[in-house]
1. Spot the failing condition for A:G60; the list is (1) outside any loop (DSSP other than H, G, I, E, B); (2) within 12 Å of chain B (Cβ to nearest Cβ), and only one is missed.
2. Quick one: in the range A:127-143, of everything that is closer than 18 Å to A:L70 by Cβ and among the hydrophobic types (A, V, I, L, M, F, W, C), which residue is farthest from the chain's Cα centre (by Cα)?
3. Can you tell me which residue among A:R52, A:R76 is within 12 Å of chain B (Cβ to nearest Cβ) and either surrounded by fewer than 19 Cβ atoms within 10 Å (Cβ to Cβ) or at pLDDT 95 or above (or both)?
4. Scan (1) at the interface with chain A (Cβ under 10 Å from one of its Cβ atoms); (2) surrounded by 15 or more Cβ atoms within 10 Å (Cβ to Cβ); (3) over 30 Å from B:W25 (Cβ atoms) for the single condition B:A55 breaks and write down its number.
5. Say we look at the range B:133-166 and pick out the residues that are more than 10 Å from chain A (Cβ to nearest Cβ) and basic (K, R); which of these is surrounded by the most Cβ atoms within 10 Å (Cβ to Cβ)?
6. If you go through the range B:61-84 one residue at a time, do you hit one that is in contact (Cβ under 8 Å) with a residue 12 or more places away in the chain, under 16 Å from B:F158 (Cβ atoms) and surrounded by 15 or more Cβ atoms within 10 Å (Cβ to Cβ)?
7. For the range A:117-126, what are the residues that are surrounded by 15 or more Cβ atoms within 10 Å (Cβ to Cβ) and over 14 Å from A:T69 (Cα atoms)?
8. If A:A25 satisfies every condition in (1) in contact (Cβ under 8 Å) with a residue 60 or more places away in the chain; (2) within 13 Å of chain B (Cβ to nearest Cβ) but one, which is the exception?
Amino acid sequence: MLRITHHWANWIASTALSGWLQNEAWVVPTSQSIHIVSVSVVVGSAVIIDLRLLGLSASGRSVSQLVDTLVPWMYRALAALLLTGLVQTIAEPVRQFVAPVFWWKMLMIIGVLALTVGFARAVRRNEAAWDTPARPAGAKWFALISMGLWVGIIFCGRFIGYTWELYL
Amino acid sequence: MTVPGFLLAAEHTSFAAAMRGEFGWEWLFPIVETLHVIALAMVFGSVVMVDLRLAGATSRNSAVSRLSSEVLPYTWGAFSCAIVTGALLFVSKAHVYFYNLQFQLKFLCMFLAGVNMAVFHFGAYRHVLEWDERHQPPRAARLAGALSIALWIGVIFFGRWIGFTT
């Protein structure tokens with residue numbers, strides 16, 4: 001598995017685009033900064049929705065209002081995350097592909113995306129059910145798993161930089 | 001105590017030694033740094049909601065005062081966590097960070113964000129009930145919201161660049 005991914009990484013690193021990105025010293029730090037701003041928008045929105053579902057936030061907007069306002073911003077920020085993540089991967093493919101935490105991160109992203117899209121659809125299908133204090137069963141589990149996955153994603157993301165050299 | 005003396009004293013604490021990976025805790029710095037990232041994500045992610053409302057860009061159907069009281073407690077809670085984790089990161093190499101340009105610019109942005117907040121709070125926000133429900137808040141409020149977003153993005157950018165320059 002690691003051999004195949006290392007092979008891909010070397011191929012990406014040999015492309016002209018990757019070479020250009022590697023030579024421009026400002027690209028990766030700038031891309032990472034935009035990545036952090038974007039992840040803040042996604043995680044800030046997710047946590048506020050999750051705490052609302054857990055009944056931990058003070059009175060405020062209803063769950064459906066929160067979903068209507070925040071989920072579109074989450075999707076916009078996710079697009080920026082994908083784009084900047086792609087830039088970082090093309091610029092430093094080996095660093096990403098050899099680190100197991102990178103693959104854990106990708107796995108958790110797929111999980112949390114599927115969960116979030118499903119949740120947003122469920123709320124839009126039946127807003128009244130989500131806006132009562134007795135929310136559908138599973139709301140609390142969704143909130144806990146979603147927050148856990150986002151914390152895990154940030155951990156793995158930050159640890160790519162600290163662990164990748166251990167796998168060379 | 002002089003500034004260099006303070007920096008030196010900070011670096012000699014056992015907190016600082018642990019953060020530098022002494023006592024076999026080489027993973028402490030990355031862990032505290034990750035907690036710092038989670039905290040700052042909550043600070044920016046929450047404050048930007050209020051700022052975008054002030055700028056007239058989103059959440060227009062929520063009253064400004066109601067949105068603020070719903071969201072800003074998260075901002076302050078997360079900011080406290082960012083201060084604690086940030087202080088731990090700082091003491092590990094206090095003099096390196098203190099004299100680092102990006103670190104200084106980060107704190108300049110944070111200071112200006114604080115000034116901006118104070119000016120808004122004691123200015124346009126005192127009459128918030130007059131424009132609480134308006135989709136487009138008054139110019140002073142829109143300016144405060146836009147400035148706050150720009151300054152916090154500056155904090156994040158310079159913060160990330162510290163890691164590339166120290």
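1. Tallying (1) outside any loop (DSSP other than H, G, I, E, B); (2) within 12 Å of chain B (Cβ to nearest Cβ), A:G60 fails exactly one: (1).
2. A:W130
3. Values: A:R52 fails: either surrounded by fewer than 19 Cβ atoms within 10 Å (Cβ to Cβ) or at pLDDT 95 or above (or both).
Every option except A:R76 fails the conditions.
4. Among (1) at the interface with chain A (Cβ under 10 Å from one of its Cβ atoms); (2) surrounded by 15 or more Cβ atoms within 10 Å (Cβ to Cβ); (3) over 30 Å from B:W25 (Cβ atoms), B:A55 violates only (1).
5. Among residues in the range B:133-166 that are more than 10 Å from chain A (Cβ to nearest Cβ) and basic (K, R), the one surrounded by the most Cβ atoms within 10 Å (Cβ to Cβ) is B:R142.
6. Within the range B:61-84, one or more residues are in contact (Cβ under 8 Å) with a residue 12 or more places away in the chain, under 16 Å from B:F158 (Cβ atoms) and surrounded by 15 or more Cβ atoms within 10 Å (Cβ to Cβ).
7. Taking the range A:117-126 as the starting set, the residues that turn out to be surrounded by 15 or more Cβ atoms within 10 Å (Cβ to Cβ) are A:119-120, A:122-123.
Once the filter is applied, which keeps residues that are surrounded by 15 or more Cβ atoms within 10 Å (Cβ to Cβ) and over 14 Å from A:T69 (Cα atoms), the range A:117-126 yields A:F119, A:A122.
8. (1)
The values are calculated or read from the model by the stated rules, or taken from the named source; none is laboratory data. All of these numbers come straight from a predicted model, not from anything done at the bench. Note: ideal-geometry Cβ built from the backbone for every residue, glycine included; neighbour counts use all protein chains shown.
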